[in-house]
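Structure, as structure tokens:
The values are calculated or read from the model by the stated rules, or taken from the named source; none is laboratory data. This one's a predicted model, so the numbers in the text were calculated from it and none came from an experiment. Note that we place each Cβ from the backbone using ideal geometry, even for glycine, and neighbour counts take in every protein chain shown. Accessible surface is based on the protein model in full, side chains and every heavy atom, while ligands, DNA and RNA are left aside. Shrake-Rupley method; radii C 1.70, N 1.55, O 1.52, S 1.80 Å.
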Amino acid sequence: HSEEVIHLDLSNQALQLDSLDFSKFKNLEYLSLENDHLMQLPKGISSLKKLKVLNLSGNDFKNLPVDFTELTSLEVLFLNNDRNFKLVQNIETLAKLPNLRILHLENDNLKKLPSEITLLQNLKSLHLKNNKLKKFPLDVQGLNNLQYLDLKDNQIKIEDVDLLNINFGFQINL
């Protein structure tokens, strides 16, 4: 009974996911498609209205589909190890997810954080570990609900952050 499935892990698969009817998984809350090397997200994923956690790490897609915004229950999104992902072009889509609280963009080869990141006003936790950021991304100050920022394993010097001498009002892991 696919309606009873709440947790679905399809990590490390070489599946033709487009043939999977996601609409059957009406009550799915957790889905992992990690390391599936998807060039695009499977159709029908947007029908998962109760989905809270989605792991899309380790894939090859550049863009989220337009109907991704229909994942209105989504709270946690993992986009780690997604080297081809175009963050700037997709921020507006992410900003339309009303419940997105936690965003993982670890090991994505990001050299800077786009200023559009401020569109993600509901974010409480932003994970940017193991990227190529050289400067502290000051735009995160515009994220009014942010409580935690992970910048570990970037090229930001702690002195540079101290020089800013700003009370960010959230916890920073450097």
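Here are the numbers:
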item	result
Members of the stretch 76-101 that are under 21 Å from residue 153 (Cβ atoms), outside any loop (DSSP other than H, G, I, E, B) and charged (D, E, K, R)	none
Of all residues in the stretch 10-20 being closer than 22 Å to residue 70 by Cβ and modelled with pLDDT of 70 or more, the one that is most open to solvent (accessible area, probe 1.4 Å)	19
Within the stretch 161-172, considering residues that are open to solvent by less than 60 Å² (accessible area, probe 1.4 Å) and more than 15 Å from residue 143 (Cα to Cα), the one modelled with the highest pLDDT	161
Close pairs (8 angstrom Cβ cut-off, 6 or more residues apart or separate chains): surrounded by fewer than 19 Cβ atoms within 10 Å (Cβ to Cβ) in the stretch 21-32, among the basic types (Lys, Arg) anywhere	26/49; 26/50; 27/50; 29/50; 29/52; 30/52
Unique residue being within 20 Å of residue 30 (Cβ to Cβ), of a type in the set (A, V, I, L, M) and at pLDDT 95 or above when the list is 91, 117, 102	102
